[in-house]
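Read the figures in this text as sums done on the coordinates, not as results from a lab. Everything quoted here is computed from the prediction, not taken from an experiment. Cβ sites come from the backbone with ideal geometry, for glycine too, and all protein chains shown count toward neighbours.
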Amino acid sequence: MELIEERVHMIEQNYPNLRYEIKIDEHIELETFKKDFVRIVDNIIVNASKYNKPQGSVLVAYDVKGYNLTIKDTGKGIKNPKKIFKRFYKEHERGLGIGLHIVKKLIDVLGIKIEVNSVLEEGTTITLKLKEITISSK
């Protein structure tokens, strides 16, 4: 999944204090609209970085058997995980509160399922269930 590795390396340049780990053992092909998929992945990884603790970490892992892409951070956590996809909802002063709303719209269109698990002051894990999709060059 070179595309995801590429995106992580681009984002990590803006957050030099964080540790990034990528666990994608096998080359996989997904078929979906590349531009939309990049927007989804970028937004989630940027949020995991932006709201992380100093010297925190971000793990991006792909489970080949379950077709799950997981982004896990050691950040502040989310108080109201069920609200994060609502337009203009934000828990912090930064941001506009529309990024994850757009992510939700895109994953719905692409048929991706998403799970959010968060513990305050420990971090958040977001899992994208990709079983039904593949990436195209569009």
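Counting other Cβ atoms within 10 Å of each Cβ, which chymotrypsin sites (Phe, Trp or Tyr not before Pro) in segment 28-88 have at most 11 and sit in a DSSP loop?
Working: sites: PHE33, PHE37, TYR51, TYR62, TYR67, PHE85, PHE88; in loops: TYR51, TYR67, PHE85, PHE88.
For chymotrypsin sites (Phe, Trp or Tyr not before Pro) across segment 28-88 that sit outside H, G, I, E and B with at most 11 neighbouring Cβ atoms in 10 Å, the list reads PHE88.
Per-residue counts of other Cβ atoms within 10 Å, averaged by peptide: what ranking do you get for 111-118, 38-45, highest first?
38-45, 111-118
What residue among LEU100, GLY66, GLY56 has its Cα farthest toward the positive end of the dipole of segment 43-114, where the charges are +1 on Lys, Arg and -1 on Asp, Glu, each on the Cβ?
Comparing the listed Cα positions along the dipole, LEU100 ranks first.
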